[in-house]
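> One structure, pasted below without further comment.
The values are calculated or read from the model by the stated rules, or taken from the named source; none is laboratory data. What you see is a predicted model; the values in this text were computed from it and never measured. Here the Cβ is made from the backbone with ideal geometry for all residues, glycine too, and neighbour counts use every protein chain on show.
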Amino acid sequence: MNSISKKRLLEKGPGFSSGLRDLKKNLNSKTITAGFVAAVFGCTGPAILIINTSAGAGYTTEQTISWLFGIYFFSGLISLTMSLYYKMPIVGGCSISGVSMLATSIVGFSFNEAVGAFIVAGILVLILGVTGLIGRVMKFLPLPIVMGMTSGVMLRFATGIVTSTVASPIVCGAALVGFFFIQKVSRKISPILGALLFGVAVMVVTGGFNPESFDIRYIAPQIVSPVFSVTSILAVSIPLAALIVGADNAQAIGITRGQGYKVPMNAMTLISGFGGVFAGLFGGHNANIAGPMTAICSSSEAGEDKAGRYGAAFANGIFFISFGLISSFAMGFIKGIPLPLVNILAGLAMINVLMNCFKYGFSTGFFKLGSFFAFAVGVSNITVLSIGSAFWALLVGVTVSLITEKKDFDKEFKF
């Protein structure tokens, strides 16, 4: 009986010994390049979003560095673990849509309260994996409504591209040029990296660069004592857990399935839960299976041999862990960049995520009214009973659909 339960709980893979034995031949120019490209993507836009979100909530430099360490170090461990045990290109990362939601949800909460909410989100994901309740939860918390909420909460990043360019047209204009130029030149280079380099270059030429403003020093991460409160759990934990399971994990599962892999769904959910708990202890909002990075490492760019593409995920894990360990240097550099440039970089980093949210929220034909009201409440940025708009958006969206679109809950749809 125990063996049956264990089998259902955690899918069996080839094992670590097999993964390590074949690793050398699967670490080649293509897999390492794909892993590096995925790491550059994950270490530019998301890091800028986290720094921006943390500053908006009033957290200290030390707390932000610990946040960065938590997500990148443990995301790297997820990549190493999943790639070696299952020999699949399954990559860890942080929830990009999650951090965009946090930009409004954690305002008013202390860092310790935010950490408590992050840990609870990880526990919720872990419970869903252990109990197998994912299907039931996602039936009554449909992805279109989750994406409608996220679209509303994230819309300010899109408008920030415009307002930042108006505020600083020369530097932010250069960032836009870099963003589009890199996309024309190479698909292997992050356009956010191009925007950053162009923006900083023009900042130097125009005299806006002040070396003294860059605080380049090593600051060690810290273990944070969580503070648990009902309001932070409602405002942060529930929406964050919904995004991790309903958006990030779902996207990664769909991507790996599309590449012909037999996906270990339970293991991906469980490790996302554990990642949330451990990353949360250092201030990270989560370390979970990441859709975009998994897409890069599982694509043909990582090599023709699908069985060997797990080398890309392994390489990505090494890069992520390294970035987590030196995150204080990256933080010191980014904090010296003018706020309009940081804001436009954050907005550019959210373009694909935001477009996917609109796509999954409003193009499926299901839960149309629920998604719209979730979007409207999310974009309103309201706070009721000290609970942010993300929670109320989910509550209102689901309630509207239960009243007007109940038949949609009985239908099965795929993305």
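> Output yes when any residue across region 293-301 is surrounded by fewer than 24 Cβ atoms within 10 Å (Cβ to Cβ), in a helix (DSSP H, G or I) and free of Cβ contacts under 8 Å to residues at least 40 places away in the same chain, and no when none is.
First, pick out the residues of region 293-301 that are surrounded by fewer than 24 Cβ atoms within 10 Å (Cβ to Cβ): 295, 299-301.
Filter once more, so that each one left must be in a helix (DSSP H, G or I): 295, 300-301.
Filter once more, so that each one left must be free of Cβ contacts under 8 Å to residues at least 40 places away in the same chain: 300.
Yes, region 293-301 contains at least one residue that is surrounded by fewer than 24 Cβ atoms within 10 Å (Cβ to Cβ), in a helix (DSSP H, G or I) and free of Cβ contacts under 8 Å to residues at least 40 places away in the same chain.
This table checks each residue for (1) within 19 Å of S237 (Cα to Cα); (2) at pLDDT below 95; (3) β-branched (V, I, T).
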{"residue": "T53", "(1), (2), (3)": "yes, yes, yes"}
{"residue": "E62", "(1), (2), (3)": "no, yes, no"}
{"residue": "K87", "(1), (2), (3)": "no, no, no"}
{"residue": "V115", "(1), (2), (3)": "yes, no, yes"}
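> May I pose another question? Considering only helices (runs of 4 or more DSSP H) fully contained in region 317-385, which possess at least 1 residues that are among the hydroxyl-bearing types (S, T, Y) and either more than 20 Å from G45 (Cα to Cα) or in contact with a strand residue (DSSP E or B) (Cβ under 6 Å, 6 or more places away or on another chain) (or both)? Before the answer, list the steps.
Numbers: elements: 327-334, 339-349, 351-362, 368-380.
Those helices (runs of 4 or more DSSP H) span 351-362, 368-380.
> Okay, moving on. Those residues that are surrounded by fewer than 22 Cβ atoms within 10 Å (Cβ to Cβ) and in contact with a Phe, Trp or Tyr (Cβ under 7 Å, 6 or more places away or on another chain), I need them from region 40-62; list them, please.
Across region 40-62, the qualifying residue is only Y59.
> In addition: Considering region 56-79 alone, what residues qualify as being farther than 13 Å from S322 by Cα, part of a helix (DSSP H, G or I) and among the aliphatic types (A, V, I, L, M)?
Once the filter is applied, which keeps residues that are farther than 13 Å from S322 by Cα, part of a helix (DSSP H, G or I) and among the aliphatic types (A, V, I, L, M), region 56-79 yields I65, I78.
> Restricting the search to region 11-47, which residues are closer than 15 Å to S298 by Cβ and of a type in the set (K, R)?
K30
> Now a separate question. So, in region 386-399, of the ones that are over 24 Å from the mean Cα position of the chain (by Cα) and not in a loop (DSSP other than H, G, I, E, B), which residue ends up surrounded by the most Cβ atoms within 10 Å (Cβ to Cβ)? Give the derivation first.
From region 386-399, those over 24 Å from the mean Cα position of the chain (by Cα) are 386, 396, 399; that's our starting set.
Going one step further and asking which of them are not in a loop (DSSP other than H, G, I, E, B), we end up with 396, 399.
Numbers: V396: 19, T399: 13.
Selected residue: V396.
> All but one of (1) out of contact with any strand residue (DSSP E or B) (no Cβ under 7 Å at 6 or more places or on another chain); (2) assigned to a loop (DSSP other than H, G, I, E, B); (3) buried (at least 24 other Cβ atoms within 10 Å of the Cβ) hold for I90, so report the exception by its number.
That leaves (1) as the condition not met.
> Quick check on M355: is it free of Cβ contacts under 8 Å to residues at least 60 places away in the same chain, within 13 Å of F157 (Cα to Cα) and either touching an Asp or Glu at 6+ places or on another chain (Cβ under 7 Å) or of a type outside the set (F, W, Y) (or both)? Working first, answer last.
Details: free of Cβ contacts under 8 Å to residues at least 60 places away in the same chain: yes; within 13 Å of F157 (Cα to Cα): yes; either touching an Asp or Glu at 6+ places or on another chain (Cβ under 7 Å) or of a type outside the set (F, W, Y) (or both): yes.
Criteria met by M355.
> Checking the structure you have, find out if any residue of region 338-349 is within 23 Å of the chain's Cα centre (by Cα), surrounded by fewer than 16 Cβ atoms within 10 Å (Cβ to Cβ) and modelled with pLDDT under 80. Step through it out loud before you land on a result.
The initial filter retains those residues of region 338-349 that are within 23 Å of the chain's Cα centre (by Cα), namely 339-349.
Those still in the list that are surrounded by fewer than 16 Cβ atoms within 10 Å (Cβ to Cβ) too: 339.
If we keep only those that are modelled with pLDDT under 80 too, we end up with 339.
Checking region 338-349: at least one residue is within 23 Å of the chain's Cα centre (by Cα), surrounded by fewer than 16 Cβ atoms within 10 Å (Cβ to Cβ) and modelled with pLDDT under 80.
> Residue under question is T163, and the condition is that it be closer than 14 Å to N343 by Cβ and β-branched (V, I, T); does it hold?
Values: closer than 14 Å to N343 by Cβ: yes; β-branched (V, I, T): yes.
Yes.
> Can you find, within region 400-415, the residue that is modelled with the highest pLDDT among those that are acidic (D, E) and part of a helix (DSSP H, G or I)? Spell out how you get there, then give the answer.
Going residue by residue through region 400-415, those that are acidic (D, E) are 405, 408, 410, 412.
Filter once more, so that each one left must be part of a helix (DSSP H, G or I): 408, 410.
Working: D408: 86, D410: 75.
Here the residue is D408.
> Of all residues in region 283-317, count the ones that are within 29 Å of A57 (Cα to Cα) and either β-branched (V, I, T) or out of contact with any helix residue (DSSP H, G or I) (no Cβ under 8 Å at 6 or more places or on another chain) (or both).
Looking only at that region, the number is 1.
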